[in-house]
Each structure stands twice: as C-alpha cells, then as structure tokens.
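Engineer: This is the structure, below, for whatever I ask next.
We did not get these values from a lab; they are worked out from the coordinates using the rules stated. Just so you know, these numbers come straight off a predicted model, no measurement behind them. Note that we place each Cβ from the backbone using ideal geometry, even for glycine, and neighbour counts take in every protein chain shown.
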Amino acid sequence: MTMRSMRCLLAVPAVREEFFQKAADSSTDALFLDLEDSVAPDRKIAARANAARALHEIAWKRKRVLVRTNALDTEWAFRDIEHLGANCPRLDGFLIPKVGSVEELHYVEALLGALNRERPPDRALELHILIETALGMARVEAIIEAAKRIVSVSFGVGDYSLSLGGQDRLVGGANKHYAMLTDENPDTSREAHWNDQWHYALARVVNACHAFNVMPLDGPFGNFADTRGFLAAAARGRVLGYQGKWAIHPTQIALANQAYTPSDEEVSWAQAALSALDEAERAGKGAVALNGQLLDVAHRKIANQILARAASVHDP
Ligand code: COA
Ligand code: MG
C-alpha cells in the first residue's frame, strides 16, 4: 500500500479545545476530533461547532484530520456528517463508529458521495470506520468487501470488550484471568501463561483489511502511564499486519511512531536483500543465502514492502 502512513491516530475530544493546538503541533500522522464517546450528550451540538471552528482556525500542517461522528443510529450522526462535510474544506474525512452492517456503510457512502460532488476533487472526504461490536465483527469481511471508499478500519477494543460482556476495565490491555496454568510438576511451581484475549479479533480484522486492501489500525491502550505496555501492544499489532495504532494521550504518539516506522536495521536488511536477490537473478538463481538465511521471491516482496512503508512516512 503506497498511501501516506497513519502510524498514529490521536483521539482528541472536541470539547477539549485546549488540546487542539497541542494535537496540531504533535508528531502524529493523523488525528480525529471526537464527537462521540468522549462527549456528553448535552455537549454534542457544542462539540460539533468546536470541531467546525477548529477545522477553520487551527493550522493542522500535513496531518490527516478526521472527525469521529456519533454512531449512525443516533439523532446526531446525520448532522455531524452533513454540517461538517459541507462546511469544512480542511476536513480529510470521517471516522464512523460502531459500523455493524453493509446497509449502514452504503448509507454513509451515499452521503459522502453527495458531499464530495460539492468539494474540489482533491478534497474528497475519506471514509474510515471502526469495527467495535460483536455484530460488526461477525460481518467484518462483508462490510469491508462491500465498501467502495474505505481508507482505514480501526479495531475498537474498548467497545468490543463491552459488547462481549465487559470483562476488562483497562482498555486494550492484558487480563490476568485470560491465562492457563502449566501442569503440576514436582520440580517447578506452576506458571500462569497469560494469553492475548484480543488475538482473535485483531487477527480477523487485519485479515479482512488485507484481503480487501484497506489500512488496518489497532485501537487504543488506556493506561497512558504504561510505556512498555503500549510498546508491546503496538509491536504485536504490527507483527500481525496492522499499520498504525491509536493514541489517546500525547505520550503515546512517539511510541506508536516508533513501533510503526521501519527501523534503520530493517531498511538496511531490505536494501541488502534486494541487492543479493538482484545479483542472484543475474546469475539465473531465484534463491540465495544472506548471512546464513534463505532469500527468495517472497523476500523481495517483503523488502519492497518495508521500503514502501518507510517511503510512506511523511513529516506530519
Ligand atoms: N490530545 C491533545 N493533547 C492532549 C490530549 C489529547 N488527547 N490529552 C492530553 N493532552 C495534553 C494536555 O492538554 C496537556 O497539555 P499541557 O501539558 O500543554 O497542559 C498534556 O497533554 C498532558 O495532559 P494530562 O494532564 O496528562 O491529561 P488530562 O488528565 O487532562 O486528560 C485524558 C487525560 C485521558 C482524559 C485525555 O488525554 C483525553 O481526553 N484523551 C482522549 C480520550 C478520548 O478521546 N477517548 C475517546 C477515544 S478512545
Ligand atoms: Mg468506541
């Protein structure tokens, strides 16, 4: 995917105006002004007006600026989309929460299509969605396959946990109760092996995204004091195939960027692998060894992906 990176997507409640400039000056690739769950019901209209004002007044630099609307079955969502989409040229797109059906997706795509006819072609509104309910998860492949204009899909771990019965107080963290004990052994004490209770959901969403060529984003990690915990969560998402992670606090931005930027070591490996493979090809060979490890056609693709990811990183 050659689209510009979204290594970090920062959540900014639209009622916290003191956060706006800080978000604009930060090193996040993307952010969303939130009208949904970080805004109390009696502040919904004020939050929408704040978002519109911020989109006009703040210099957001080269950041991708989204608005997270209210869920489509609320009384606010239509006006969120219509008002901001029609009046805010700087807006890059909408993040739609709790998508649960292909019908909802088609409804939003129709609205965006109508709004985009009135916007300059290079300012067409993008669509980003959240899969964060049991229903959305059950239909994730169908939803993404049916989409014409989805750019990214975020796995929203907090609401997903809630929709499964809400066993987790810490958003996106580990849970010591999701563990198995090693067998009784007279020589050693039994160990609890913690598992990742989000593995199934993360793996399903990332597979659906890669199947239909949209960008998978891993959702929030609520304990913003836990740097190592965030980095571990981000690293495991990246290994699964995610391309970025949410931040809910400025301390998490550099961590997400670190986790989702190809390291110097990876870039050097990619360059060395490509030259070794080029040389092998000139000698009529498809496979070759580099530092004692096999390289073949798949490694050429891996190396090219690393370099493409490195090239998609821009100054936010
Ligand atoms: N975006 C931009 N700036 C932020 C920010 C954010 N999401 N969260 C905090 N900041 C800024 C604060 O303004 C403060 O700036 P300053 O040092 O210049 O004064 C600094 O970062 C430290 O903030 P802190 O005092 O630690 O945060 P807080 O206690 O006021 O708020 C949260 C903590 C978690 C409530 C807040 O970070 C937040 O609202 N995050 C987003 C939540 C959200 O959107 N949830 C929905 C999606 S999951
Ligand atoms: Mg949510």
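Engineer: Search the structure for amide H atoms under 5 Å from the amide H of Cys88, placed 1.01 Å from N in the peptide plane, and list their residues when 5 or more places away or on another chain.
Structural biologist: For Cys88, no residues qualify.
Engineer: If you don't mind, there's one more thing I want to ask. Just the number, please: percent antiparallel of the DSSP beta bridges in the range 8-261, rounded to the nearest 5.
Structural biologist: Values: 4 of 35 bridges.
So the antiparallel bridges in the range 8-261 amount to around 10 percent.
Engineer: Shifting gears a bit: Among 280-286, 67-73, 108-114, how do they line up by average Cβ neighbours within 10 Å per residue, starting with the highest?
Structural biologist: Values: 280-286: 10.7, 67-73: 22.7, 108-114: 16.3.
Taking the mean over residues of other Cβ atoms within 10 Å, the ranking is 67-73, 108-114, 280-286.
Engineer: So between Asp73 and Asp296, what do we pick up on full extension, going 0.36 nm a residue minus the alpha carbon distance?
Structural biologist: Details: separation 223, 0.36 × 223 = 80.28 nm, distance 5.02 nm.
Here the segment from Asp73 to Asp296 would lengthen by 75.3 nm.
Engineer: Residue by residue, what Karplus-based ³J(HN,Hα) values in Hz, rounded to whole numbers, does the range 6-14 have, using 6.51, -1.76 and 1.60 with θ = phi - 60° and x for Gly and Pro?
Structural biologist: Rounded to whole hertz, the list is 10, 5, 9, 10, 8, 8, 10, x, 6.
Engineer: In nm, what is the difference between 0.36 nm times the number of residues separating Ala287 and Asn207 and their Cα-Cα distance? Don't jump to the answer; show the numbers that get you there.
Structural biologist: Values: separation 80, 0.36 × 80 = 28.80 nm, distance 2.79 nm.
Full extension from Ala287 to Asn207 adds 26.0 nm.
Engineer: Enumerate the amide H contacts of Gln197 below 5 Å, restricted to partners 5 or more residues apart or on another chain; note that Pro and chain-start residues carry no placed amide H.
Structural biologist: Long-range HN contacts for Gln197: Asn175.
Engineer: Next up: Relative to the compact globular guide of 2.2 N^0.38 Å, what is the alpha carbon radius of gyration of the range 8-261, as a ratio? Kindly include the intermediate steps, with their values, before the conclusion.
Structural biologist: Numbers: Rg = 18.9 Å, N = 254, 2.2 N^0.38 = 18.0 Å.
Relative to the 2.2 N^0.38 Å estimate, the range 8-261 comes out at 1.05.
Engineer: A follow-up question, please. Hey, which of these cross-link pairs are over 25 Å Cα-Cα: Lys98/Lys301; Lys148/Lys245; Lys63/Lys245?
Structural biologist: Numbers: Lys98/Lys301 34 Å; Lys148/Lys245 23 Å; Lys63/Lys245 15 Å.
Those over the limit are Lys98/Lys301.
Engineer: I would also like to ask the following. Mind jotting down the distance between the C-alpha centroids of the range 35-77 and the range 149-189, whole Å?
Structural biologist: Their Cα centres are 30 Å away from one another.
Engineer: Just subtract the alpha-carbon distance of Asp278 and Glu266 from 0.36 nm times their residue separation and send over the number in nm, one decimal. Don't skip to the answer; put the middle values down first.
Structural biologist: Details: separation 12, 0.36 × 12 = 4.32 nm, distance 1.81 nm.
Full extension from Asp278 to Glu266 adds 2.5 nm.
Engineer: Amide H to amide H, which residues 5 or more places from Arg64 or on other chains are under 5 Å from it, using H placed in the peptide plane?
Structural biologist: Those qualifying (amide H under 5 Å, at least 5 residues apart or on another chain) are Ala30, Leu31.
Engineer: Grab the other residues whose beta carbon is less than 10 angstrom from that of Lys245, score K and R as +1, D and E as -1, and report the net.
Structural biologist: Here the count lands on +1.
Engineer: A follow-up question, please. Report ³J(HN,Hα) in whole Hz for each residue of the range 209-226, in order, from the Karplus equation J = 6.51 cos²θ - 1.76 cosθ + 1.60 where θ = phi - 60°; Gly and Pro get x.
Structural biologist: Each residue's phi maps through the Karplus curve to give 5, 6, 4, 10, 6, 10, 8, x, 10, 8, x, x, 10, x, 7, 6, 7, 9 Hz.
Engineer: Give a quick list of chymotrypsin sites (Phe, Trp or Tyr not before Pro) in the range 142-211 that DSSP marks as loop, anything other than H, G, I, E or B, with at most 16 other Cβ atoms within 10 Å. If you can, show how the numbers build up before the last one.
Structural biologist: Values: sites: Phe155, Tyr160, Tyr178, Trp194, Trp198, Tyr200; in loops: Tyr178, Trp198.
Hits after loop and neighbour filter: Tyr178.
Engineer: With a point put 7 Å past each Cα toward its Cβ, work out how far Tyr107 is from Asp315 in nm, to one decimal.
Structural biologist: Distance between the two pseudo-spin positions: 4.3 nm.
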